[in-house]
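S.K.: Got a structure for you, questions after.
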Amino acid sequence: EGAELATGGSRRGIVVSTLAEARFFAAGGFDDILYAYPLPGARLEDCAALAQQLQAFQVLLDTPQALALLRQHPLPPGKRWLVWLKLDCGNGRAGVRPTDPGAMALARAIVEEAPEEVTLVGVYAHCG
């Protein structure tokens, strides 16, 4: 109920930190969910299932290897992986440093190398 109130009843635009939360909210009718954890290769099948089920299931990328993994596992026609570039805002937990040349290279690779498979939605930073 709290999430429905927080979204003004739209059931869109929420952020979760676990796939269990994503499945819970998806079962409750939420169809625009950002999984705010860098793409875990071991959970790719779970992410793909949610991406196919929801209008917008979004994941975080912070390495070229994660991008390659998504490209090796494209979604069915009509669906693309929706990704955010995860930035490290100085706490060293996850993400790529914005001053690292690799950050811009990864953003370009997302946009230029796989436009039919992957869409760059934006950048994501969490100082928590």
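S.K.: Does the range 79-98 contain any residue that is in a helix (DSSP H, G or I) and either among the hydrophobic types (A, V, I, L, M, F, W, C) or open to solvent by 40 Å² or more (accessible area, probe 1.4 Å) (or both)? Spell out the reasoning first.
M.R.: Of the range 79-98, the ones in a helix (DSSP H, G or I) are none.
No - not one qualifying residue is present in the range 79-98.
S.K.: Does the range 61-75 contain at least one residue that is in a strand (DSSP E or B), among the aliphatic types (A, V, I, L, M) and under 20 Å from LEU19 (Cβ atoms)?
M.R.: Yes, the conditions are met somewhere in the range 61-75.
S.K.: Could you tell me how many of the residues in the range 1-34 are touching a Gly at 6+ places or on another chain (Cβ under 8 Å) and part of a loop (DSSP other than H, G, I, E, B)?
M.R.: 2
S.K.: Are there any pairs with C-beta distances below 7 angstrom linking a residue in the range 6-28 that is over 21 Å from ALA49 (Cβ atoms) to a residue that is modelled with pLDDT of 90 or more and among the β-branched types (Val, Ile, Thr), with the two at least 6 apart or on different chains, and if so which?
M.R.: Cβ pairs passing all conditions: THR7/ILE14.
S.K.: If you don't mind, another one. Can you pull out every residue in the range 49-74 that is buried (at least 17 other Cβ atoms within 10 Å of the Cβ), in contact (Cβ under 8 Å) with a residue 40 or more places away in the chain and farther than 22 Å from GLY95 by Cα?
M.R.: Listed by number, the list is empty, since nothing qualifies.
S.K.: Looking at the range 38-48, is at least one residue at pLDDT below 90 and closer than 18 Å to THR119 by Cβ? Break it down into steps so the answer makes sense when it comes.
M.R.: If we filter the range 38-48 for residues that are at pLDDT below 90, which is where we start, we get 38-42.
Among the residues that remain, those that are also closer than 18 Å to THR119 by Cβ are: 38-39.
Yes: one or more hits.
S.K.: Oh, and also: I'm told ALA109 meets every condition in (1) open to solvent by 20 Å² or more (accessible area, probe 1.4 Å); (2) in contact with a helix residue (DSSP H, G or I) (Cβ under 7 Å, 6 or more places away or on another chain) except one. Can you identify the failing condition by its number?
M.R.: (1)
S.K.: For the range 98-112, check the following and say yes or no: at least one residue is at pLDDT below 90 and touching a Cys at 6+ places or on another chain (Cβ under 7 Å).
M.R.: No, there is no match, as no residue in the range 98-112 is at pLDDT below 90 and touching a Cys at 6+ places or on another chain (Cβ under 7 Å).
S.K.: Just checking, does the range 106-116 include any residue being in contact with a strand residue (DSSP E or B) (Cβ under 7 Å, 6 or more places away or on another chain), of a type in the set (Asp, Glu) and touching a residue at least 40 places away in the same chain (Cβ under 8 Å)?
M.R.: No; the residues of the range 106-116 include none that is in contact with a strand residue (DSSP E or B) (Cβ under 7 Å, 6 or more places away or on another chain), of a type in the set (Asp, Glu) and touching a residue at least 40 places away in the same chain (Cβ under 8 Å).
The values are calculated or read from the model by the stated rules, or taken from the named source; none is laboratory data. Note that the structure is predicted; figures quoted are calculated from it, not measured. Here Cβ is always computed from backbone atoms with ideal geometry, including for glycine, and neighbour counts include all displayed protein chains. Ligands, DNA and RNA are stripped out before the accessible areas are found, and what is left, the full protein with its side chains, is counted by its heavy atoms. Shrake-Rupley method; radii C 1.70, N 1.55, O 1.52, S 1.80 Å.
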